[in-house]
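Asker: Handing you a structure now.
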Amino acid sequence: MRLNRWFVIGILLFLVVMFIVELQLPKNFTWNPTFRHTDKQPFGCYLFDSLMVTTMPQGYTVTDSSLFQLAKDSMKRRGILVVADQMDLIPAEVKAIFSMANNGSHVMLVAHDLGMFAKDTLGLRIWGSGTSFNLQDFVKYKKEREKLRWVSKALGYKPCSYAVYHPLVTCRFGFETDPKHGVIRKPLDKQALNKEGYCVSATIRQGKGYITYICVPLMFTNYAVVDEDQGVRNIGFALRCLSQMKDLPVVRTQTFCPESGEDAEQTPLRYFISQPPLRWALYTLIVGALLFLIFGGRRRQRIIPIEKAPENHSMEFIHLVGSLYYHSRERRSLVVRKFIYFAEDMRRNLHVDVTDAAEDDVVLPTLARQTGLEEKEVRTLILSLRQLAEDDETEITRKQMKQYIDQMNWIINKI
């Protein structure tokens, strides 16, 4: 029982050590852009949305409502924020965007691409694509940051630069021009440019409201909240962009965001683990179950009484059988029986067969050498015993019986 106790203690200590090591190990991040409100990975928006809730003065909410549903809402003026990797807008969605902007709302579209219809309607020409984010590129450019310049003075901000990694700013855009009329749709304000001087953020007037297009959506993620260079936090870029809607309640829609792993596979166990009280209750239940198995799984049985070992009556049996032979005057049979045991003893100890006459040339010298007798004496004894075993009619005296048995015992004791 003591061994079992130490075994259980060792297993428990091993589990505790493994649990502590697992807590200390760095977490593996998934670098897939989802922009989901519940996604805590670098390119989710859990931290970003939490910051916006405390930053936007008129309120900030996240919804899964589509652009159609937002356009039909009774609220007149508000800020609509759409952050996604790609937005292939269909004509009905573009109509909803224009409808909200015409009513005085400010629609901010943050994506790498908007689709052909939206680009034609807004008069945009977009270069580059951020559909596939390559982590190897991110590592490659780790020591090479490029400038994302804020140039607009319309919002009261001074021009400044944000040092960002190249994979975060792979897109840029411009406004389509017409040979006769110049720019088809002139922007109201260009807020930011990349290192080559191309526009990455601009606002156009639409009816009573505004439409802003920003082609660097990865700057509106959890990663941008914590990323900084020389004390300048890159989340400042998103905050400056969103300050255009500071007088409006802002609603961010996730209608173009892919489902994250947490949203797609929400299970009761995930929910339990996500809530600290339920998580500790689950841990307590598991530990209690383990303790129950340890203490309740021990074998239960009544005490087994110690019994005396059975006595060995072999010698009594031998004396009994020998007495029967002796009193029935079967002296030859008694010697033959002894010869059988003697032959078995020689076979086991010397690996010779004294009952086989064909092996006398090997057997007899071996016995003589092992016992120190003359080979002639050994030959006389073995031949006499063989003849006695083969002839049922031969009778021997009590003295001869004792002599044969004593000689065999003497040879056995010598080996």
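What follows draws every value from the coordinates through simple rules; no lab data is involved. These numbers were taken from a predicted model, which means no experiment stands behind them. Note: ideal-geometry Cβ built from the backbone for every residue, glycine included; neighbour counts use all protein chains shown.
Asker: Please give every one of the aspartates and glutamates within straight-line cross-link reach of LYS40, meaning a C-alpha to C-alpha distance under 20 Å, and leave out same-chain neighbours fewer than 8 residues apart.
Answerer: Reachable aspartates and glutamates: GLU22, ASP49, ASP64, ASP85, ASP227, GLU228, GLU259, GLU262, ASP263, GLU265.
Asker: List, in the order given, every pair from LYS119/LYS195; LYS95/LYS147; LYS158/LYS208; LYS119/LYS147 whose Cα-Cα distance in the structure shown is over 29 Å. List each step's numbers first, then the result.
Answerer: Working: LYS119/LYS195 23 Å; LYS95/LYS147 35 Å; LYS158/LYS208 27 Å; LYS119/LYS147 26 Å.
In this structure, LYS95/LYS147 lie more than 29 Å apart at Cα.
Asker: Separate question: Restrict the search to the stretch 323-383; then list the trypsin sites (Lys or Arg not before Pro) that DSSP places in a loop and that have at most 11 other Cβ atoms within 10 Å of their Cβ.
Answerer: Numbers: sites: ARG329, ARG331, ARG332, ARG337, LYS338, ARG347, ARG348, ARG369, LYS376, ARG379; in loops: ARG329.
Answer by residue number: ARG329.
Asker: Taking loop as defined by DSSP and a crowding limit of 16 other beta carbons within 10 Å, which trypsin sites (Lys or Arg not before Pro) in the stretch 65-123 fit?
Answerer: LYS76, ARG77
Asker: What is the ratio of the Cα radius of gyration of the stretch 335-399 to 2.2 N^0.38 Å, with N the residue count, to two decimals?
Answerer: Compared with the compact-globule rule of thumb, the stretch 335-399 sits at 1.11.
Asker: Treating only the Cβ of Lys, Arg, Asp and Glu as charged (+1, +1, -1, -1), what charge dipole size does the stretch 206-260 show about its Cα centre? Round to the nearest 20 debye.
Answerer: Dipole about the Cα centre, nearest 20: 300 debye.
Asker: Let me ask another. Just the number, please: Stokes-Einstein D of the stretch 191-246 in µm²/s, Kirkwood Rh from C-alpha pairs, 10 °C, 1.306 mPa s.
Answerer: 128
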